[in-house]
Amino acid sequence: MAAGYRSREEAERAAVEHDWGVESWLAGAEVGNCDALTLGRMTVGPGRSDLPHAHADAVEVLYLMRGTVAQIVGEETIMMEAGDTAVIPAGTPHMTHNHGDEDADIIMAYPTGTREFRVDL
């Protein structure tokens, strides 16, 4: 196996299912294949939202591959369609709400190998 490699099958086996969708971590210190960044993929089901949260230590970049979502960032709501990108400043509370009728498919990236995760309820 090449250094840093993770197959689709490995990522799918390690995916975390939530009542709102699925998170799959592709690269990062927790995965064991990269100390310099974290890369993940998230699906959010129709009408569902992930938990309001923040990452005190890292900017988050979200790329919407499929679907339509409302990205709530602090007090602002950003309406996103497939192909759109949102950059969320470190420490800013945010959440994703899928208001479409299909799964929203999102790539998440952070410029750190680990990311602090704090739920902001």
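The values are calculated or read from the model by the stated rules, or taken from the named source; none is laboratory data. Model, not experiment: these values are computed from the prediction. Every residue, glycine among them, receives a Cβ derived from its backbone with ideal geometry; neighbour counts consider all protein chains shown.
Things worth noting here:
- Test result for Ala58, in a loop (DSSP other than H, G, I, E, B) and more than 13 Å from the chain's Cα centre (by Cα): no
To keep it simple, each residue is scored yes or no on (1) among the hydroxyl-bearing types (Ser, Thr, Tyr); (2) at pLDDT below 95.
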residue: Glu9; (1), (2): no, yes
residue: Arg48; (1), (2): no, no
residue: Leu51; (1), (2): no, yes
residue: His55; (1), (2): no, yes
residue: Met79; (1), (2): no, no
residue: Gly83; (1), (2): no, no
residue: His97; (1), (2): no, no
residue: Thr114; (1), (2): yes, yes
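- Annotation for the range 72-79: at least one member residue is without any contact (Cβ under 8 Å) to a residue 24 or more places away in the chain and surrounded by 14 or more Cβ atoms within 10 Å (Cβ to Cβ).
- A count restricted to the range 37-72 and to residues that are touching a Pro at 6+ places or on another chain (Cβ under 8 Å) and farther than 20 Å from Ser7 by Cβ stands at 6.
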